[in-house]
Amino acid sequence: MQTWQVTNPAGDPIVIQGEDLVSAMSRHREALLDLAFPGGVDAVETAWMHWDQDLLGGEGAIELILTCHRDGAERQGRILIHAAPGEIAPDTGRAVFF
């Protein structure tokens, strides 16, 4: 089991665990959605993740961009995960089931 920290703008980082990063995101799906959309969502339309060296003060992070619907309106949310570029394949970005 591996562990990752997810940036939480409202406080301490959130810890997620799984066999790999995608399984960790799946296991902690509701907590991640609550973090990205504090008001809740009706449905997730798309999720895309990529590695960005410039995030977290140059430390780099995986950025997960979510497009969701709530009350008939489309909304976007963002999650930053402290992880190395090789923890997603390919590290140039990919759509993920969320």
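The values are calculated or read from the model by the stated rules, or taken from the named source; none is laboratory data. Note that the structure is predicted; figures quoted are calculated from it, not measured. Using ideal geometry, Cβ is built from the backbone for each residue, glycine included, and neighbour counts are taken over all protein chains shown. The protein model used for the area step is the full one, side chains on, heavy atoms only, and it has no ligands, DNA or RNA in it. Shrake-Rupley method; radii C 1.70, N 1.55, O 1.52, S 1.80 Å.
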For region 5-25 the number of residues that are open to solvent by 40 Å² or more (accessible area, probe 1.4 Å) and within 10 Å of the chain's Cα centre (by Cα) is 2
Here the qualifying pairs (Cβ atoms under 7 Å; residues six or more apart or on different chains; first in region 63-88 and of a type in the set (G, A, S); second in a strand (DSSP E or B)) come out as G77/L66; G77/C68; A83/W4; A83/A61; A83/I62
Scanning region 36-49 for residues that are under 10 Å from the mean Cα position of the chain (by Cα) and modelled with pLDDT under 90, the one nearest to I88 (Cα to Cα) turns out to be M49
So, first residue farther than 18 Å from E87 by Cα in region 18-47, second residue charged (D, E, K, R) and crowded, with 16+ Cβ neighbours inside 10 Å, Cβ within less than 8 Å, six or more apart or across chains; the pairs are F37/R75; V41/R75
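Looking at D91, is it open to solvent by 40 Å² or more (accessible area, probe 1.4 Å), part of a loop (DSSP other than H, G, I, E, B) and modelled with pLDDT of 90 or more? Step through it out loud before you land on a result.
Numbers: open to solvent by 40 Å² or more (accessible area, probe 1.4 Å): yes; part of a loop (DSSP other than H, G, I, E, B): yes; modelled with pLDDT of 90 or more: no.
Judged against the criteria, D91 is not a match.
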Just checking, does region 55-78 include any residue being at pLDDT 90 or above, open to solvent by 80 Å² or more (accessible area, probe 1.4 Å) and touching a Gly at 6+ places or on another chain (Cβ under 8 Å)? no
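Answer with yes or no whether L80 is touching a Ser or Thr at 6+ places or on another chain (Cβ under 8 Å) and on the phi > 0 side of the Ramachandran plot. Step through it out loud before you land on a result.
Working: touching a Ser or Thr at 6+ places or on another chain (Cβ under 8 Å): yes; on the phi > 0 side of the Ramachandran plot: no.
Spelling it out, it is not the case that L80 is touching a Ser or Thr at 6+ places or on another chain (Cβ under 8 Å) and on the phi > 0 side of the Ramachandran plot.
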